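Colleague: Following this message is one structure expressed as structure tokens.
Readers should treat all values here as calculations from the given coordinates under stated rules, not as data from a laboratory. Computed from a predicted structure; not experimentally measured. Cβ sites come from the backbone with ideal geometry, for glycine too, and all protein chains shown count toward neighbours.
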Number of protein chains: 2
Amino acid sequence: MSELHRERTKRLRAAMKEAGIDVYLIPTADFHNSEYAAEYFHTREFFSGFTGSAGTLVVTQEEAGLWTDGRYFIQAAKELEGSGILLMRMGEPGVPEIREYLAETIHEGQVLGFDGRCVPCSEGMALSKLMRGKGASLRTDRDLAEGIWIDRPALPSHPVEILEDDYSGEDIEEKLTRLREAFHAEGAAAYIDSKLDSIMWLLNMRGADVTCNPVALCHILVDDRNVYLFIQEQEVTNELRAYAALHRITILPYDDLEAFLGIYDYRGDVLYDPGCISYSIYHNASKGIAGKAGGYTLTAGSSPLEKFKSVKNETEMNNLRECYKRDSAALCRFIQWVTGEMKKPEGERKRITESDAAFYLDNLRAGLPDYRDLSFSTISAYGPNAAMMHYEAVPGVSDAELKPEGMLLVDSGGQYLTGTTDVTRTIALGPVTEEMKKHYTLTAVSNLQLMGAVFIEGCTGANLDILAREPMWKEGLDYKCGTGHGIGYYLGVHESPPSIRWKVFPGRQDAPMEPGMIVSDEPGVYLEGKYGIRIETILEVVEHTVNEWGRFLSFEPLTLVPFDRNLIEPAYLTPETKALLNEYHERVRIELAPLLNAEEALWLEEQTKPLS
Amino acid sequence: MSELHRERTKRLRAAMKEAGIDVYLIPTADFHNSEYAAEYFHTREFFSGFTGSAGTLVVTQEEAGLWTDGRYFIQAAKELEGSGILLMRMGEPGVPEIREYLAETIHEGQVLGFDGRCVPCSEGMALSKLMRGKGASLRTDRDLAEGIWIDRPALPSHPVEILEDDYSGEDIEEKLTRLREAFHAEGAAAYIDSKLDSIMWLLNMRGADVTCNPVALCHILVDDRNVYLFIQEQEVTNELRAYAALHRITILPYDDLEAFLGIYDYRGDVLYDPGCISYSIYHNASKGIAGKAGGYTLTAGSSPLEKFKSVKNETEMNNLRECYKRDSAALCRFIQWVTGEMKKPEGERKRITESDAAFYLDNLRAGLPDYRDLSFSTISAYGPNAAMMHYEAVPGVSDAELKPEGMLLVDSGGQYLTGTTDVTRTIALGPVTEEMKKHYTLTAVSNLQLMGAVFIEGCTGANLDILAREPMWKEGLDYKCGTGHGIGYYLGVHESPPSIRWKVFPGRQDAPMEPGMIVSDEPGVYLEGKYGIRIETILEVVEHTVNEWGRFLSFEPLTLVPFDRNLIEPAYLTPETKALLNEYHERVRIELAPLLNAEEALWLEEQTKPLS
């Protein structure tokens, strides 16, 4: 592929020259700052060949660099080989941040270009300031992939569905009331948002425009009288039309938002979150305002919807608990099957590859009630492949055969009407080394220490992260990613603002943990060329105690899948973590047994016996 | 006292009326945002009667409130009784923050007053913004204590001393070079600072203007050519004059800074840290700039000196290690004495009060080499008095007699040419309850878990705090203060920026831990009316491992004083914490034995025997 990508970069450079752009930046993003974007938006992948879910390509006439984070170092190095594009390992010593690189590279009078619709307002403003400081300028009205990417997929447009109250747990009118109260409290009279999962949550609506993400491409503007929904005509069903009429939602064409902002005649501040609208929207709205007397003004703040959607209501929580039980049972069924197959003698054993295993599991999930989709492409990674955090087996390209030895890492999840799941277990397929057992047990201890945390109200993930990392750090190990992320309700599998990571990004206020939030707990050990271990359990934040010292919170596990006892080396368990593991296993046994057949239940019994 | 304070508040209200001030705010501060201020500045104490080291008094014509933090809730409630001043317990549910209270209380057209010299620039700017938003205004040029506080002590002025290189470890010229590089890196051409410990550190100078704090009242302005030092004439010795001449330091009168800023003719930005100069300086400099064409401008940033002084150099660290050993030996001597006295039968036992015990210990310290002063008034608190975190025994007022039962908490430290010490131990004087043992052991576990931490470079105290708190939180307990603070070198006993606390204050960037920083580790249990427990050990940040995963740091204890085995209940120790305690005790025994006499060494041997 590398020759093809060299040719594409060459054409990009020609287009840059024509457009008067000296440095061109291609982020991994759609018009909505989504984590996962429809194929139409895979411009960075088109030019670089790097398929990971996060990365930014920066191209000049002389050089090209791809910035990505620790999850993708191994994969990106492989995929970029021979492309002439330099891998910039973010966070490693000596690797400049993108802005540092731009500051060094761009000279007075030069032009930095990017598609302003694909860059969040906050980032665009920072780049604009950086350029001003250098006497350079921005050009943000050109998507240079146009004309080069001939067979580019169309912008997706699928009919939307309305989520019933039994699933959403809160009526759209109540949600709108809360939103209006929130923007009034910020002194604003209206609110604009392009973040897809926030809009879906607010309108109790789901779409199908992004694989594994039940969202529809759209924007909203909410004021005291109206909700304006900007959405593609093809997505509007009769159901949505009726629903819109009932709730005073005005449906307008998807592309019309920027033009609408030019004629929107409203007195007061329009609140926006610089992370939730694109630089292009901000830039055009600002130009519109500057050209007129009166009308609205813009005011930056935090999206109230980000916070709202992260705290699940009772209906959502009840649905989620049942959903996770069924989803966990499917994974148990899978583990029992794959370990069972591996126990068979050489001749009787079927040939099973990584993708076969993923396919088997995906089919089990698809048979569950309320199933709609996977929540991401199942990661089924055997042996050294598991060292790549986001490896994807592709038949014919990279698809290792499972053998009755070593470890298989499976990270998977589903989208159900009753919630979004995400779970990782690492499974011994046969004999394992002492080092594997040590690292698996350390990962288990990390996972359990966080799961067993008790913490005072107000704590953020930055306060909690060390509970998971300390066992690793004491052994001189680390995993180069966060420990946990928030998860949507039948929405994105990664949902901000909750997160568990020690690093605090300047200007980014982490959300304190609150009952009703759900977060992942996924420490791991990744040894390039050897193996990868991750144990991911989804946790619900609950109230633990309220007394004269304050309100204490703790976690309850939603994921109920046993740890692999063949990989546990008791010498590395502390008495506390052993007790936590036994407690967790007992809970798994009690909750899941009713969902399994006799043979599976027997397997579960065996897996969850107390360790002594 | 309460009648007296009612009368003082009455006079304050009259003065407010005369000055056209509706709400008057009295912080606990000098002109330098110092934590401890000379008596001249004890205005808040004068009006309220509250003697704690932190608190803000807000007075209107109708009401008066004193805001203070958890360390002082018990003490303040006692001292404010009958004064008519409401105690505002900061951080408690339902208690408004000061700014919230002001926002609610002050109406359009009203005036908020405070002495602008006693309020840091950052705080004054926030209050100014708050008032503008309400259509109210500020008056900051009046100190209303003048005329009411008749017998106010004079502004202190003591001769300064120059610290030799054997103690400072870095020449003033090297420090000035580092400072100039740092402000150039921020795009500035000069630097202004009023923070006393920062100035002392930079100039290798020490003063005696504040009890227990070897600082001299002064301000500095440093540009590429000159250092301007604003200091009282009485403080300038011949030694300082010669030193100043040698290092191009221009000595100017203490009060002249604001006038100087009006005539200072310099091209370029003057860097200031909004936490390190007063609102008054900022306000007057800004007015000066506005009234002129050309000249300098002001630019806000972080004080480079704050960071510099927190990372101790090799000379400082070597001195500190020796200093802490000797200081620890003195405390061991004290513990052996007081516990020995308590073992004597009723008749033979001397009467020892809290203040007697403190006096005994203070005298032991005063006999140590390089001793200059205490680093704060020794806290010697017996029984329920120890529940007040900053209790001070005063003969004739509150000075409990020690009895051979329960616990004595002693928090103390010294100022030496070789460093500043701070240490707390809680000591059983005889039989103790099971609950005391449980709480002491939990405190020990908290202390040891933090001491034993291994963490990756970049972590701040907010990441580490939970290691100390988790054992408490799991038992539904908490201590309402930070876990740790930085400490100066023969400077302030509390030194920012390092701190260990879970709460992150918006806009305040915590400093990542770095080798050479020293921090306290002081968890505790405080039960009002019953007892208080605190174990405080000072830790040095050191490099632990560097490998492919990164650079890992850990702590080494500087304080070497045994924990009290009579208060340890092994059931609450984990195997890890027991191992950590035995390791610590072994280290104490090895390091301190050479500094003790035979009898003391025998006692130490007994105290530091491994727990099985």
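Colleague: Quick one: of the DSSP bridges fully inside the protein assembly as shown, what percent are antiparallel, nearest 5? Walk me through the numbers before you get to the answer.
Modeller: Numbers: 124 of 166 bridges.
Around 75 percent of the beta bridges assigned by DSSP in the protein assembly as shown are antiparallel ones.
Colleague: Separation of the stretch B:514-579 and the stretch A:514-553 by C-alpha centroid, Å?
Modeller: Here the two parts' Cα centres lie 25 Å apart.
Colleague: Gap in Å between the Cα centre of the stretch A:305-367 and the Cα centre of the stretch A:110-157?
Modeller: Taking the Cα centre of the stretch A:305-367 as reference, the centre of the stretch A:110-157 is 40 Å away.
Colleague: Near B:Lys134, which lysines are there with a Cα under 26 Å away, not counting those fewer than 8 places off in the same chain?
Modeller: B:Lys17, B:Lys287
Colleague: Counting DSSP beta bridges with both partners in chain A, what percentage is antiparallel, nearest 5?
Modeller: Around 75 percent of the beta bridges assigned by DSSP in chain A are antiparallel ones.
Colleague: Please compute the contact order of the stretch A:379-532 in relative form: average sequence separation of alpha-carbon pairs under 8 Å and at least six residues apart, divided by the residue count, as a percent.
Modeller: Once normalised by length, the contact order is 28 percent.
Colleague: Tell me which aspartates and glutamates have Cα within less than 15 Å of A:Lys129's Cα, excluding those fewer than 8 residues away on the same chain?
Modeller: A:Glu100, A:Glu104, A:Glu108
Colleague: May I pose another question? Taking N as the number of residues in the stretch A:2-139, what is its alpha-carbon radius of gyration divided by 2.2 N^0.38 Å?
Modeller: On the way: Rg = 14.2 Å, N = 138, 2.2 N^0.38 = 14.3 Å.
The value comes to 0.99.
Colleague: OK, next. With contacts defined as alpha carbon pairs under 8 Å and 6 or more residues apart, what's the relative contact order of the stretch B:161-309 in percent? Mind dumping the intermediate values first?
Modeller: Values: 232 pairs, mean separation 36.8, N = 149.
So the answer I get is 25 percent.
Colleague: Another one. Looking at the stretch A:1-139, what % of its DSSP beta bridges pair antiparallel, to the nearest 5?
Modeller: Expressed as a percentage, antiparallel bridges in the stretch A:1-139 total about 45.
Colleague: To one decimal place, what Kirkwood hydrodynamic radius in Å is obtained for the stretch B:224-268 from all pairs of distinct Cα atoms? Before the final figure, lay out the partial values.
Modeller: Numbers: mean 1/r = 0.0875 Å⁻¹.
Every distinct Cα pair counted, the radius reaches 11.4 Å.
Colleague: Compute the Kirkwood hydrodynamic radius of the stretch B:311-607, taking the inverse of the mean of 1/r over all pairs of distinct Cα atoms, and give it in Å to one decimal.
Modeller: For the stretch B:311-607, the Kirkwood estimate is 19.4 Å.
Colleague: Roughly how many nanometres apart are two label points built 7 Å out from the Cα toward the Cβ at B:Phe359 and A:Asn597?
Modeller: Placing both labels 7 Å along Cα→Cβ, they lie 8.7 nm apart.
Colleague: Placing the label point 7 Å from Cα along the Cα-to-Cβ direction, what are the distances from B:Glu239 to the equivalent spots in the other copies, shortest first, in nm to one decimal?
Modeller: Label-point distances to the other copies, shortest first: 8.6 nm.
Colleague: Here is a follow-up. Compare the Cα positions of A:His107, A:Pro274, A:Gln607 along the charge dipole of chain A (+1 at Cβ of Lys, Arg; -1 at Cβ of Asp, Glu; about the Cα centre) and return the one farthest towards the positive end.
Modeller: Checking the options against the dipole of chain A, the answer is A:His107.
Colleague: If you place +1 on the Cβ of every Lys and Arg, -1 on the Cβ of every Asp and Glu, and leave all else neutral, what size is the dipole of chain B about its Cα centre, to the nearest 20 Debye?
Modeller: 1020
Colleague: At a temperature of 37 °C and a viscosity of 0.692 mPa s, determine how fast the stretch B:293-340 diffuses translationally according to Stokes-Einstein, using the Kirkwood radius over alpha-carbon pairs as Rh; express D in µm²/s, rounded to the nearest whole number. Write down the numbers at each step before the final one.
Modeller: Values: Rh = 14.9 Å.
Translational D for this selection: 221 µm²/s.
Colleague: Once every Cα of the stretch A:517-592 carries one equal point scatterer and solvent is ignored, give the base-10 log of I(q)/I(0) from the Debye formula at q = 0.15, 0.20 Å⁻¹, two decimals.
Modeller: Values, matching the q order: -0.69, -1.07.
Colleague: Along the principal axes of its C-alpha atoms, what lengths does the protein assembly as shown span, in descending order and rounded to whole Å?
Modeller: Cα extents, longest axis first: 88, 76, 57 Å.
Colleague: Further question on the same structure: Would you list A:Met317, B:Met388 from fewest to most Cβ contacts within 10 Å?
Modeller: Sorted ascending by nearby Cβ count, the order is A:Met317, B:Met388.
Colleague: Shifting gears a bit: What order do you get for A:His585, B:His219 when you list them from fewest to most C-beta neighbours inside 10 Å?
Modeller: Ordered by Cβ neighbours within 10 Å, fewest first: A:His585, B:His219.
Colleague: Every other copy gets compared here: list the nm distances from the B:Pro594 label point (7 Å along Cα to Cβ) to its counterparts, shortest first, one decimal.
Modeller: Nearest first, the other copies' label points are 7.0 nm away.
Colleague: Relative contact order of chain A: what whole-number percent is it, with Cα pairs under 8 angstrom and at least 6 residues apart? Walk me through the numbers before you get to the answer.
Modeller: Values: 1270 pairs, mean separation 67.8, N = 612.
Relative contact order of chain A: 11 percent.
Colleague: Could you work out the helix-only [θ] at 222 nm for the protein assembly as shown, with each DSSP H run of four or more residues adding -39,500 (n - 2.57) and the total divided by the number of residues, to the nearest 500 deg cm²/dmol? Could the numbers behind the result be given before it?
Modeller: On the way: 36 runs with 436 residues, N = 1224.
When only DSSP H runs of four or more count, the value is -11000 deg cm²/dmol.
Colleague: Output needed: percent of Cα pairs per 10 Å distance bin for chain A, bins running from 0 to the one holding the longest distance.
Modeller: Cα pair-distance distribution for chain A, in percent: 3, 16, 26, 26, 19, 8, 2, 0, 0.
Colleague: Next up: Tell me, how many Å apart are the Cα centres for the stretch A:220-271 and for the stretch A:1-73?
Modeller: Using only Cα atoms, the two centres lie 32 Å from each other.
Colleague: Please compute P(r) over all alpha-carbon pairs of the stretch B:462-612, binned at 5 Å starting from zero, and give each bin as a whole-number percent.
Modeller: 2, 8, 14, 18, 19, 18, 13, 6, 2, 1, 0
Colleague: State, to one decimal in nm and shortest first, how far the label point of A:Arg178 sits from each corresponding label point in the other identical copies (label point: 7 angstrom along Cα-to-Cβ).
Modeller: Here A:Arg178 shows inter-copy label distances of 5.1 nm.
Colleague: Cross-link list A:Lys438/A:Lys578; B:Lys325/B:Lys503; B:Lys175/B:Lys503; A:Lys175/A:Lys325; A:Lys474/A:Lys578; A:Lys437/A:Lys530: which exceed 23 angstrom alpha carbon to alpha carbon?
Modeller: B:Lys325/B:Lys503; B:Lys175/B:Lys503; A:Lys175/A:Lys325
Colleague: Give the span of the stretch A:161-303's Cα atoms along each principal axis, as three whole-Å numbers ordered largest to smallest.
Modeller: 45, 30, 27
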